[in-house]
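Asker: Mind looking over this structure? Questions follow.
The values are calculated or read from the model by the stated rules, or taken from the named source; none is laboratory data. All values derive from a computational prediction rather than experimental measurement. FYI the Cβ positions are ideal-geometry reconstructions off the backbone, even for glycines, and counts take in every protein chain you see. Note: areas computed on protein heavy atoms with side chains; ligands, DNA, RNA excluded. Shrake-Rupley method; radii C 1.70, N 1.55, O 1.52, S 1.80 Å.
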Amino acid sequence: MSVAFRRESDEEHKEPKFEIPMVPGPNLVTPRGLTLIQAKVAELEAAIGAETEEAPREMLRRELRYWNTRRTTAEITPQPEAGVAGIGTRVRIRLAGKERVLEIVGHDEAEPTVDRLSFQAPLAKALIGAEEGEHVDFNGRAEAIEVLQVEPLG
């Protein structure tokens with residue numbers, strides 16, 4: 001039989017498993033964010049210990065490598081000065097006539113559905129450095145956002 005028709009094993013034809021991609025830029029976190037990352041690492045380590053099948057265990061190890069890297073590279077951000085929006089603050093704003101309360105946090109603890117935004121999100125970027133009472137540009141509109149209140153997350 002020709003070598004072209006021989007198959008050594010199924011392994012050589014499987015899709016490669018790539019590492020989980022990292023978010024570009026610094027891994028800035030709040031103290032809560034670091035605690036969440038550490039809890040995720042502990043949860044995955046326990047799951048790996050309990051898993052008996054090799055394929056699921058390898059998927060868990062892949063995820064653990066991601067979270068270990070996130071833990072190792074985490075930089076706790078200093079609290080911004082009082083009244084200034086930044087990572088680790090809760091900001092009450094008025095945008096398009098509606099009031100919203102947003103939290104600016106690190107990437108891993110962001111939950112946009114509950115207005116907990118990563119510092120890399122466009123709205124958070126517009127707010128960082130803004131002070132209470134200030135109007136900031138957003139989405140191509142001058143003074144689109146009014147910053148009503150800024151307080152540290154607690």
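Asker: Given a Förster distance of 35 angstrom, what is the FRET efficiency for residue 68 paired with residue 143, based on the Cβ-Cβ distance and rounded to 0.05?
Answerer: 0.20
Asker: Starting from the Cα gyration tensor of the chain, take the square roots of the eigenvalues, sort them a ≥ b ≥ c, and report rounded, prolate or oblate (rounded when a/c is under 1.5, otherwise prolate if a/b is larger than b/c, else oblate).
Answerer: prolate
Asker: Counting alpha carbon pairs within less than 8 Å and at least 6 residues apart, what relative contact order, in whole percent, applies to the range 11-154?
Answerer: 22 percent
Asker: How many Å² of accessible area per residue for the chain, probe 1.4 Å?
Answerer: Per residue, the chain has 64 Å² of solvent-accessible surface.
Asker: Could you work out what % of the accessible surface of the chain is carbon and sulfur, using a 1.4 angstrom probe and leaving DNA, RNA and ligands out of the count?
Answerer: On the chain, the fraction of accessible area on carbon and sulfur atoms equals 53 percent.
Asker: Which FRET efficiency value, to the nearest 0.05, is calculated for residue 52 and residue 75 with the Förster distance at 25 angstrom and r the Cβ-Cβ distance?
Answerer: For R0 = 25 Å, the calculated efficiency reads 0.10.
Asker: With a point put 7 Å past each Cα toward its Cβ, work out how far residue 99 is from residue 111 in nm, to one decimal.
Answerer: With each label point 7 Å from Cα toward Cβ, the separation is 2.3 nm.
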